[in-house]
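Chemist: Supplied in structure tokens, the structure appears directly below.
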Amino acid sequence: MDRDPLTGKVENGIPKVTVYITAFNYGRYLKQAVDSVLRQKFDAWELLVINDGSTDNTRDVLSGYEGLERVRIVHQENKGLTVSNNIALRLANGSYVMRLDGDDFLDENALLVLSNILDTNEDVGLVYPDYYLVDEQGEILELVRRKKIGEEVELLDLPAHGACTMIRKECLLALGGYDEQFRCQDGYDLWIRFLERYSPYNVNVPLFYYRQHEESLTRNDERILRTRRRIKRNFVEKKLNGAVPKILAVVPAIRRSNVFREIALRDIAGRPLIWHTLSEAERTDMLDRVVVTTDDEKVVEYVSSHFPAFGAVLRPPEFSRPHTRMGPVLLHLLELLASWDGYRPDAVMLLYINAPLRRKGHIEKAIDTLTIFDLDSVVSVSEELAYCYQHKRHGLVPLQKKRELRLERDALYKENGAVILTRTENIGADEILGPRLGHITMLPEESIRIISRFTFWEAEKILQEWRPLKRKAG
């Protein structure tokens, strides 16, 4: 097939790239999205626009493109994003496929650059670029730069963007398309399945404009993180037959505290503080064993009477002093369990009681993350979005390189102490985390650590009044 390498024109008229737009009530943005495809420097494309049951002016906007040679428009009842993705995949004629959301738009060189990467790298199955965040009017807010695969990052636990990623159609088909049980985060689900069989690539050039507005799915962080937990759980159950490491959960609960004495049994939101941790551990079947390590006999009695399936071990005095390192505590506990009944776990999960907003889903997501990416350790974090500094010789020095850029390589994460999971062989006297360290992200309102009377009050108010954090299945 003869093709002009600069424009991508194909003599027999068969497109190399299928761009598809799934449009649901984005009529006010849709023209800019469609026009950005029509303006591409690369010419061997076709465009599918799926009007997914819109009730705004989407149909009127699309009427202006009816009859264009390389544009096909499909009107359907609302089926949702992933179902529409699979419809587009079945209709696509191109060798490469890219989804463009109806509220975003492309740089004029996007198809040229990305298709050339796939043309010249047969081992690459998908390619994605950097991008601009823009406001409702399309004005640039910031540039999002991704770490370069193979140079700046080896652990691929941060996925490509779901939209504006170009994928070989044959790879998508081999993976079975998009999983229709998930109504969002299709790119995340595809990413972890894709990495099993194919190689990704990225270019550090901003090639699309990602619009931020009130209706943006990305604004619903709680829904995104919940869906990602389900995606990981689904992957482990289906692809790995549910096989996860044998996990020992350890719940430290010492009497001395900077906040309240005997804080483990202090009432918070109608229950003892330790209950909020043990009850979530009880709800999952992914923990092989749960043991409370404490210097308080009252805690041992409480665990015995309220959580009889769990164990409680009194620490020796040398492990009950303030600021005792967890490494020696864990090593002592592991030796003790091995001497009692030969128990030797594959990994240990620390669940501190001063993080009462942790849920079953966070516990399971950490285990699934360790399993999927074959990590040494996983910690729970919240992302720090504020501009941060360190105090150096001459005063404050910013940690981020440039205030106006959002660089993945400069992202800051705060460990919140809710979940620390590590393979047993990493545990030593001075360190418990291994070199391949992954993370799970928790929302700020889930990441409260009780370190003062104010944070105790804050955690209690959230437990009592913040509806999204009220206990729910899954």
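Chemist: Being of a type outside the set (Asp, Glu), in a loop (DSSP other than H, G, I, E, B) and under 17 Å from residue 171 (Cα atoms) is the filter here, so list the residues in segment 112-139 that pass it.
Modeler: 121, the sole residue that qualifies.
Chemist: If you don't mind, another one. Condition first: surrounded by fewer than 17 Cβ atoms within 10 Å (Cβ to Cβ) and more than 28 Å from residue 463 (Cβ to Cβ). Now tell me which residues in segment 289-322 satisfy that.
Modeler: 314, 316, 317, 318, 321
Chemist: Next question. From (1) part of a strand (DSSP E or B); (2) at pLDDT 85 or above; (3) on the phi < 0 side of the Ramachandran plot, pick out the condition that doesn't hold for residue 417.
Modeler: (3)
Chemist: For segment 153-167, state whether one or more residues are in a loop (DSSP other than H, G, I, E, B), surrounded by fewer than 21 Cβ atoms within 10 Å (Cβ to Cβ), of a type in the set (D, E, K, R) and over 21 Å from the mean Cα position of the chain (by Cα).
Modeler: no
Chemist: Out of 372, 427, report the one residue that is more than 22 Å from residue 450 (Cα to Cα), of a type in the set (Val, Ile, Thr) and modelled with pLDDT under 90.
Modeler: One residue alone meets the criteria, 372.
Chemist: Which one of the conditions (1) out of contact with any Asp or Glu (no Cβ under 9 Å at 6 or more places or on another chain); (2) touching a residue at least 12 places away in the same chain (Cβ under 8 Å) does residue 375 fail to meet, given that it meets all the rest?
Modeler: For residue 375, the exception is condition (1).
Chemist: Output the qualifying pairs, or none if there are none: Cβ atoms under 7 angstrom, residues six or more apart or on different chains, first residue in segment 331-346 and assigned by TED's automatic domain parsing to the domain that holds residue 287, second residue assigned to a helix (DSSP H, G or I) and exposed (fewer than 15 other Cβ atoms within 10 Å of the Cβ).
Modeler: Between residues of segment 331-346 that are assigned by TED's automatic domain parsing to the domain that holds residue 287 and residues that are assigned to a helix (DSSP H, G or I) and exposed (fewer than 15 other Cβ atoms within 10 Å of the Cβ), the close pairs are 344/338.
Residues checked against (1) of a type in the set (Ser, Thr, Tyr); (2) outside the structural domain of residue 213 (by TED's automatic domain parsing); (3) more than 22 Å from residue 113 (Cβ to Cβ):
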{"residue": "29", "(1), (2), (3)": "yes, no, yes"}
{"residue": "52", "(1), (2), (3)": "no, no, yes"}
{"residue": "59", "(1), (2), (3)": "no, no, yes"}
{"residue": "63", "(1), (2), (3)": "yes, no, yes"}
{"residue": "72", "(1), (2), (3)": "no, no, yes"}
{"residue": "79", "(1), (2), (3)": "no, no, yes"}
{"residue": "83", "(1), (2), (3)": "no, no, yes"}
{"residue": "93", "(1), (2), (3)": "no, no, no"}
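Chemist: Continuing with this model, one more query. Sort out which residues of segment 26-45 are more than 23 Å from residue 134 (Cα to Cα) and surrounded by 24 or more Cβ atoms within 10 Å (Cβ to Cβ), and write them in order of number.
Modeler: Passing the criteria: only 44.
Chemist: How many of the residues making up segment 46-69 are farther than 18 Å from residue 29 by Cβ and buried (at least 17 other Cβ atoms within 10 Å of the Cβ)?
Modeler: Count: 1.
Chemist: Do we have residue 144 as at pLDDT below 95 and in contact with an Asp or Glu (Cβ under 8 Å, 6 or more places away or on another chain) here?
Modeler: Here the answer is yes, as residue 144 does meet what is asked.
Chemist: Just to be sure before I move on: is residue 353 in contact with a Ser or Thr (Cβ under 6 Å, 6 or more places away or on another chain) and either surrounded by 15 or more Cβ atoms within 10 Å (Cβ to Cβ) or farther than 30 Å from residue 157 by Cβ (or both) in the structure I sent?
Modeler: yes
Chemist: Within segment 44-54, is even one residue farther than 27 Å from residue 213 by Cβ and without any contact (Cβ under 8 Å) to a residue 12 or more places away in the chain?
Modeler: no
Chemist: Among the residues of segment 272-306, which ones are more than 16 Å from residue 249 (Cβ to Cβ) and part of a loop (DSSP other than H, G, I, E, B)?
Modeler: Within segment 272-306, 295, 296 meet the criteria.
Chemist: Residue 23: touching a Phe, Trp or Tyr at 6+ places or on another chain (Cβ under 8 Å), under 19 Å from residue 164 (Cβ atoms) and in contact (Cβ under 8 Å) with a residue 12 or more places away in the chain, yes or no?
Modeler: no
Chemist: So residue 40 clears everything in (1) in a loop (DSSP other than H, G, I, E, B); (2) at pLDDT below 95 except one condition, right? Which one?
Modeler: Tallying (1) in a loop (DSSP other than H, G, I, E, B); (2) at pLDDT below 95, residue 40 fails exactly one: (2).
Chemist: When you go through 107, 123, 119 one by one, which is the residue that is farther than 15 Å from residue 160 by Cα, surrounded by 17 or more Cβ atoms within 10 Å (Cβ to Cβ), acidic (Asp, Glu) and out of contact with any His (no Cβ under 7 Å at 6 or more places or on another chain)?
Modeler: 107
Chemist: Continuing with this model, one more query. Take the conditions in contact with a Leu (Cβ under 7 Å, 6 or more places away or on another chain), under 19 Å from residue 363 (Cβ atoms) and assigned by TED's automatic domain parsing to the domain that holds residue 418 and apply them to residue 289. Does it pass?
Modeler: The answer is yes for residue 289.
The values are calculated or read from the model by the stated rules, or taken from the named source; none is laboratory data. Just so you know, these numbers come straight off a predicted model, no measurement behind them. Note that each Cβ is placed from the backbone with ideal geometry, even for glycine, and that neighbours are counted across all protein chains shown.
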